[in-house]
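> Dropping the structure in here first, questions after.
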Amino acid sequence: MLINDFIKLTSSSLWAQKLRSFLTMIGIAVGIAAVVLLTSIGEGVHKYILAEFTQFGTTIVGINPGKTTTMGLSVGVFGSVRPLSIEDAEALKRLPFAESVVGLVQGNAEIEGNKRTRRTTVYGSGHDLPNAFNMPVRLGRFLPKDDPVAPRAFAVLGSKVKQELFGNTNPLGQRIRIGGDRYRVIGVMESKGQVLGFDLDDTVYIPLARGLELFNREGLIEIDVLYREGVPVDKVVAGIKRVLTARHGREDFTITTQEQMLDVLGSILNVLTIAVGAIGGISLLVGAIGIITIMTINVNERTAEIGLIRALGGRHSQILFLFLGEAIVLSAIGGLFGLILGIGIGQLLGLFIPALPIHTPWIFVIMAEVMAILIGLAAGVVPALYAAKLDPIEALRAE
Amino acid sequence: MIKLQKIHRNFQVGDQIVHALDDINLEIAQGEYVSVMGPSGSGKSTLLNLIGMLDHPSSGEYYLNDKNVTELGEVEEAQIRNKNIGFVFQAFHLVPRLSAAENIELPLMLAGIEPSIRDAKVSLALESLNLTERARHKPEQLSGGQRQRVAIARATITEPAVLLADEPTGNLDQKSGHDVMDILEALNQRGITLIMVTHDQSLGDRSARSIKMIDGRIESDNLNKIDHATVS
Ligand SMILES: Nc1ncnc2c1ncn2[C@@H]1O[C@H](COP(=O)(O)OP(=O)(O)O)[C@@H](O)[C@H]1O
Ligand SMILES: [Mg+2]
């Protein structure tokens, strides 16, 4: 049979039952719309969270003390983990690919200034932090490049701390106390907002050595290495390993690349998107049952026609494809309706709830349509096979 | 052209076996006009379906144009039905959503023939059966006689050698019935082999050869002396 005749025969029979065909398509359309909408929201959230993470830059590698083995045991259990020190960070700075090396300690402390007090997160860090983490300074400057072991007592305020302590007055040059020690304010950070519940503005930055002292810690909680773009991450990891192993005598630290973090995060978020899509899939199942029902009715109503086509020289396979074709046309057109519906609702939601991240990748659209067609195929197979296997004489007797 | 040898066709109904065809031996030559008569349930339709390869014998051999076609594959059988055999049914069996022209076109569509070739054939068929004005009409807009004429056009559109008609006038009034008979007989005179089941004696008498069936057997097989059927 020519493809044009095939299309003509299938579409004419669907057209002959307009209302029925339309309702069946709606069933699939609702399912596809749900899948598209829910996965779009899932994907939007996915993208949103990844963007939150990568705003600190992607060419970054974190080093933490202690070696996590696959058993989850740290070699620290055996009492031989050397803490990461300021000297370690200084040594890493000499690596050729290291653009910035930022040591970090973190803790909570009471800040006193302008006759007010506030308990907040204090970071001990170095002058490279704004560059490494894309965190610009709004007012004044960040911590200067000082003697790493004996830095001056300067502090930089997060925008919220500045607002809480100093209101709208200029804090630059003001004296504050952090955990009892006196510091001079030399800068205020640009507001960063919240990242996954962390308020990045409710923070104070002081020099690393002073942070260690303040929190009475032996070592850094983390060293972050920002490397030059284009350098393969394997080379970066190998370089860091070489330097630190030489200094510590063994590998008693863990290196985490941004890639690894994103991989883990990405796979968690993919599961989320798939789970949410599967919920939409349930309504697709309903649509599929609709197609099975309607195709079964179609075959039963047209039994005599099936017998006739056989008598006129139609083959099993032609009958099979005619009915499969009808099921696929139903689901494919239903799927297109569903895409329009799903994307449309997504856009509307985006207009009315701007905070809800919605993103519909093209591949989802194509996959949803392919899925609709496959559902039509699967739902049509049983009725179509039944039609193809009918005995022509019996079929012709049906009226 | 058609040769049936020791054909049996049994049906299992419950724990009984019905012998719908019981040792049928029959030869029909190209261009013959054969009527098949007999009481209801005597196996006439079963015989016709078997000749039309819609059905298969339980035992025996069927030769079509000297070729044993008893056990062909499904695709080959479909092809033979499409090219060599035309069916006309009592109930017309037109596809309701297709126009008269499209119904006539159906066997050509199934065979994958190009529309340009089809169109010429269909309009010729419509014209010869006086249906040109009805080409775009749906079956429900046609009278019974017109419907059966569409069905005859469809059965003959691939120019088959055999035309099988199972009570073709059974659903028609007398006038339309006669028209349909005239058309079938005219086709036979142009060379088609016409095998027609009927239980109307007056129609049976018009054929050159009458077969009478009883209980799945051929009771008699007579040549009638009829002038118009012997014209070559
Ligand atoms: N599919 C079938 N199953 C069981 N019995 C059948 C079937 N088809 C035909 N028969 C039986 O075979 C016999 C012949 O039927 P048929 O050829 O239709 O007779 P006719 O056309 O002469 O009236 C009848 O007894 C009928 O009941
Ligand atoms: Mg009968």
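The values are calculated or read from the model by the stated rules, or taken from the named source; none is laboratory data. Worth saying up front: this structure is predicted, and the values here are computed from it rather than measured. Here Cβ is always computed from backbone atoms with ideal geometry, including for glycine, and neighbour counts include all displayed protein chains. For accessibility, only protein heavy atoms count, side chains too; no ligands or nucleic acids. Shrake-Rupley method; radii C 1.70, N 1.55, O 1.52, S 1.80 Å.
> Taking region A:267-318 as the search range and keeping residues that are of a type in the set (Ser, Thr, Tyr) and within 12 Å of another protein chain (Cβ to nearest Cβ), which one is surrounded by the most Cβ atoms within 10 Å (Cβ to Cβ)?
The qualifying residue surrounded by the most Cβ atoms within 10 Å (Cβ to Cβ) is A:Thr303.
> Being without any contact (Cβ under 8 Å) to a residue 40 or more places away in the chain and under 16 Å from A:Ala209 (Cβ atoms) is the filter here, so list the residues in region A:77-116 that pass it.
Within region A:77-116, just A:Lys93 meets the criteria.
> Still on this model: Only one of (1) open to solvent by 60 Å² or more (accessible area, probe 1.4 Å); (2) free of Cβ contacts under 8 Å to residues at least 24 places away in the same chain; (3) not in a helix (DSSP H, G or I) fails for B:Leu124. Which number is that?
Unmet condition: (3).
> Is at least one residue of region B:153-164 open to solvent by less than 80 Å² (accessible area, probe 1.4 Å) and within 16 Å of ligand 1 (Cβ to nearest atom)?
yes
Each row is one residue, and each column tells you yes or no for (1) of a type outside the set (S, T, N, Q); (2) within 21 Å of A:Gly314 (Cα to Cα).
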{"residue": "B:Glu74", "(1), (2)": "yes, yes"}
{"residue": "B:Glu77", "(1), (2)": "yes, yes"}
{"residue": "B:Gly86", "(1), (2)": "yes, yes"}
{"residue": "B:Ala111", "(1), (2)": "yes, yes"}
{"residue": "B:Pro115", "(1), (2)": "yes, yes"}
{"residue": "B:Leu124", "(1), (2)": "yes, no"}
{"residue": "B:Ser128", "(1), (2)": "no, no"}
{"residue": "B:Gln148", "(1), (2)": "no, yes"}
{"residue": "B:Ala155", "(1), (2)": "yes, yes"}
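> How many of the residues in region B:38-96 are more than 10 Å from every other protein chain (Cβ to nearest Cβ), open to solvent by 20 Å² or more (accessible area, probe 1.4 Å) and hydroxyl-bearing (Ser, Thr, Tyr)?
4
> Being in contact with a strand residue (DSSP E or B) (Cβ under 8 Å, 6 or more places away or on another chain) and more than 12 Å from chain A (Cβ to nearest Cβ): is that true of B:Glu133 here?
no
> Continuing with this model, one more query. Do we find that B:Val88 is within 16 Å of B:Ile218 (Cα to Cα), touching a helix residue (DSSP H, G or I) at 6+ places or on another chain (Cβ under 8 Å), of a type outside the set (Lys, Arg) and within 16 Å of ligand 1 (Cβ to nearest atom) in this structure?
Against the criterion (within 16 Å of B:Ile218 (Cα to Cα), touching a helix residue (DSSP H, G or I) at 6+ places or on another chain (Cβ under 8 Å), of a type outside the set (Lys, Arg) and within 16 Å of ligand 1 (Cβ to nearest atom)), B:Val88 does not qualify.
> Picking from B:Ile24, B:Ile17, which residue would you name as being among the aliphatic types (A, V, I, L, M) and either surrounded by fewer than 15 Cβ atoms within 10 Å (Cβ to Cβ) or farther than 24 Å from B:Asp200 by Cβ (or both)?
Checking each option against the conditions leaves just B:Ile17.
> Of the conditions (1) surrounded by 14 or more Cβ atoms within 10 Å (Cβ to Cβ); (2) under 31 Å from the mean Cα position of the chain (by Cα), A:Arg217 fails just one. Which one is it?
(2)
> Does region B:35-56 hold any residues that are in contact with a helix residue (DSSP H, G or I) (Cβ under 6 Å, 6 or more places away or on another chain) and more than 9 Å from ligand 1 (Cβ to nearest atom), and which are they?
Answer for region B:35-56, where residues must be in contact with a helix residue (DSSP H, G or I) (Cβ under 6 Å, 6 or more places away or on another chain) and more than 9 Å from ligand 1 (Cβ to nearest atom): B:Ser35, B:Met37, B:Met53, B:Leu54.
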